Amino acid sequence: MLNVGVVGVAHIHMPNFAKRMKERIDVKVQKVWDPEAKRAQKYADDLSAFAVKKLDEIWNDPNISAVVICSETKLHQDLVLAAAKAKKHMFVEKPLGFSAADAFRMASAIEKAKVLFQTGYMMRGSPVNMFVREHIKKGSFGEVTRIRLSVCHSGSLKGWFDTDYRWMADAKQAGCGGYGDLGTHGLDLMLWMMDRPVERVTADLGTLTGRYGKIDEFGEGLLHFKGGAIGSLAASWVDAAHPVSMLVSGTKGHAYVADGKFYFQSDTVDGADGKAPWTNLPTALPHAFELFLDAALGKPNQPLVTVREAAVRNAVMEALYQGAKRGAWVKPKTK
């Protein structure tokens, strides 16, 4: 049995994580903390756990081996450093840090503590995304010259952040707006697929509705990879639809996703003519949160996101925001 402490319940994904933990017979939430006592009690009641007012009741509990951190992003550094000191395995909702500096600080602490880490980059488990990464590595696209990823929804248009999750549209608490919130998923995929350093980036961000003040609601970024490949990253809270989410172009092939269908053409793969949807794909992985629970239970070889990867995503996203502010190319921090 995995005994879990929940540390912060503010994130919009927390209801999903609570549901997943309740459905598992090998996971038991023991204690719940949040800076707002009413929120902690609500989830404690839902999870048949105890709401605690002091974090030490979780950190010092020897029966709790793992924690789930779903607080406001501005609280991550203090909570993560304390969890690392207490030697607790941890799932930390994305983004890891408020900035590159605190993300790298947390990464060093987690690595030093030698505890398990996972974050919410669940899109890695998609069959299409795993396939594209594999075939970039195999050379099925030849030399990749361009890769474009887009992650969009209509959250601002529909008022998703009006009430319980208002903090997510407040840069002082979240560290970013819509571009960073959704774009971090596409950024993770792009860096994971390309598996090479990003040398410089820039972006342009916009606000459409003004529903949440001047917070950015959409944007486009450019990334220059070592070796010359160009990445473009779109993210938005104000898209009515999201018909094209991926395009990979190379000297020997290409791939794209349109209306949920995956097309693949390669000069080196039999049958890959790009004329009909490609369906010969790997099996989907469990959700990133389930992978963490399995790993914390001792199941070997779970494909977790490393904390260093999470910190690099913070650094590149921070540089994208700086590029938008300056109207210039920016080199991401590396430590």
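Throughout, read-outs are computed from the coordinates displayed, never taken from laboratory work. Here the structure is a predicted model, which is why all the values come from computation and not from measurement. Positions of Cβ are backbone-derived with ideal geometry, glycine not excepted, and every protein chain shown enters the neighbour counts.
Does anyone have the angle between helix 76-85 and the longest principal axis of the chain? Alpha-carbon axes, 0 to 90°, nearest 10? So the helix axis and the longest Cα principal axis differ by about 70 degrees. Remark: the range 44-52, residue by residue, has Karplus-estimated 3J(HN,Hα) of 4, 4, 5, 9, 6, 10, 9, 7, 10 Hz, where x stands for each Gly or Pro and the curve is 6.51 cos²θ - 1.76 cosθ + 1.60 at θ = phi - 60°. Based on alpha carbons, the Rg and Dmax found for the range 159-241 are 14.1, 45 Å. Stretching K335 away from L157 to a fully extended chain increases their span by 60.4 nm, per 0.36 nm per residue minus the current alpha-carbon distance. Highest mean packing first, where packing is the average number of other Cβ atoms within 10 Å per residue, the peptides 269-280, 191-202 line up as 191-202, 269-280. Here are some pairs, K158/K252; K53/K74; K38/K85; K112/K261; K158/K331; which of them have Cα atoms lying more than 31 Å apart in this structure? From the list (K158/K252; K53/K74; K38/K85; K112/K261; K158/K331), the Cα-Cα distance tops 31 Å for K158/K252; K112/K261; K158/K331. Is any residue of the range 224-243 close enough, with backbone N under 17 Å, to a label point placed 7 angstrom from the Cα of T209 along the Cα-Cβ axis, and if so, which? From the range 224-243, the list is 235-242.
Compared with the alpha-carbon gap, the fully stretched path from L222 to A101 is longer by 41.4 nm at 0.36 nm per residue. Principal semi-axes of the equivalent ellipsoid, √(5λ) from the alpha carbon gyration tensor of the range 2-118, are 21, 15, 13 Å from largest down. Provide the percentage of antiparallel DSSP beta bridges, counting only those with both residues in the chain; round to the nearest 5. Here the share of antiparallel DSSP bridges comes out near 55 percent.
A simple packing score, the average count of other Cβ atoms within 10 Å per residue, orders the peptides 243-254, 178-189 as 178-189, 243-254, with the highest score first.
Between A235 and V151, G219, the built amide H atoms are under 5 Å apart, and every one of these is 5 or more places off in sequence or on another chain. Report note on the peptides 214-226, 9-21, 134-146: ranked by the mean count of other C-beta atoms within 10 Å, highest first, their order is 214-226, 9-21, 134-146. Coupling constants for the range 55-61 follow from the phi torsions by the Karplus curve (6.51 cos²θ - 1.76 cosθ + 1.60, θ = phi - 60°), and in residue order they are 4, 4, 5, 8, 4, 8, 8 Hz; glycine and proline get x. Computed from phi, the 3J(HN,Hα) profile of the range 203-210 under the Karplus parametrisation 6.51, -1.76, 1.60 (θ = phi - 60°) reads 7, 9, 10, x, 10, 9, 7, x Hz, with x in place of Gly and Pro. Put a dot 7 Å past the Cα of I230, heading toward its Cβ, do the same for R200, and the two dots end up 1.4 nm apart. Per-residue ellipticity at 222 nm, computed for the chain from helices alone with -39500 (n - 2.57) per DSSP H run of at least four residues, works out to -10000 deg cm²/dmol. Between T145 and S249, G250, T251, the built amide H atoms are under 5 Å apart, and every one of these is 5 or more places off in sequence or on another chain. The Rg/Rh ratio of the chain, with both radii computed over alpha carbons and Rh defined as the Kirkwood radius, is 0.97. Here the label points at T279 and D56, each 7 Å from Cα along the C-beta direction, are separated by 6.1 nm in the simple model. Think of each Lys and Arg Cβ as +1 and each Asp and Glu Cβ as -1; about the Cα centre, that makes the dipole of the chain roughly 700 debye.
Mean separation of Cα pairs under 8 Å and 6+ residues apart, divided by the residue count of the chain: what relative contact order is that in percent?
On the way: 721 pairs, mean separation 64.7, N = 335.
Worked out over the chain, it gives 19 percent.
Per residue, the convex hull spanned by the Cα atoms of the range 221-327 amounts to 186 cubic angstrom. Short-range pairs are left out: with C-alpha atoms under 8 Å and at least six residues apart, the relative contact order of the range 115-253 is 37 percent.
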